Amino acid sequence: MGESMNLIQGTVDVMILKTLVSGAKHGFAISKAIKERSEGVLGLEDAALYQALHRIENKGWLTSTWGLSENNRRAKYYALTAIGRKQLAREMKAWAKYSRAVSQILDPAGEV
């Protein structure tokens with residue numbers, strides 16, 4: 001599957017939160033991690049990524065600080081808060097339930 005898939009808002013949020021579990025990252029690194037982990041299937045446009053980051057930060061799930069990137073460029077780094085970690089756990093549980101339900105509809109008895 002060579003083309004990127006469209007992502008719904010809630011999915012973007014949980015993927016961003018999960019990406020930050022290992023530590024603070026700037027926007028480009030978050031986007032790159034999502035693309036790499038999905039083997040190029042999932043990608044985010046810059047505008048969608050930064051809208052999501054601002055939305056999530058406003059909810060208190062992330063904090064941000066300015067720093068220097070690997071290229072010595074000024075970059076905003078995002079990190080999970082304790083509230084963000086709790087939200088990630090809730091979102092992952094909900095995603096697992098949703099995924100199981102969709103799988104049961106698409107392939108109820110392993111018929112594919």
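Coordinate-derived values only; no laboratory data. Worth saying up front: this structure is predicted, and the values here are computed from it rather than measured. FYI the Cβ positions are ideal-geometry reconstructions off the backbone, even for glycines, and counts take in every protein chain you see.
For LEU80, indicate whether it is within 17 Å of TYR50 (Cα to Cα), touching a helix residue (DSSP H, G or I) at 6+ places or on another chain (Cβ under 6 Å) and either surrounded by 15 or more Cβ atoms within 10 Å (Cβ to Cβ) or not small (Gly, Ala, Ser) (or both). It is true that LEU80 is within 17 Å of TYR50 (Cα to Cα), touching a helix residue (DSSP H, G or I) at 6+ places or on another chain (Cβ under 6 Å) and either surrounded by 15 or more Cβ atoms within 10 Å (Cβ to Cβ) or not small (Gly, Ala, Ser) (or both).
Scanning region 69-88 for residues that are more than 16 Å from THR19 (Cβ to Cβ) and assigned to a strand (DSSP E or B) yields a single hit, ARG74. List pairs: first residue in region 65-78 and without any contact (Cβ under 8 Å) to a residue 12 or more places away in the chain, second residue part of a strand (DSSP E or B) anywhere in the structure, Cβ distance under 6 angstrom, at least six positions apart or on different chains. As it stands, the answer is TRP66/LYS76, since those pairs meet every condition given. Of all the residues in region 30-68, those that are crowded, with 18+ Cβ neighbours inside 10 Å and either touching a His at 6+ places or on another chain (Cβ under 7 Å) or assigned to a helix (DSSP H, G or I) (or both) number 7. If you go through region 36-48 and keep only what is touching a residue at least 24 places away in the same chain (Cβ under 8 Å) and either closer than 20 Å to ASN71 by Cα or not β-branched (Val, Ile, Thr) (or both), you end up with GLY40, LEU42, GLY43, LEU44, ALA48.
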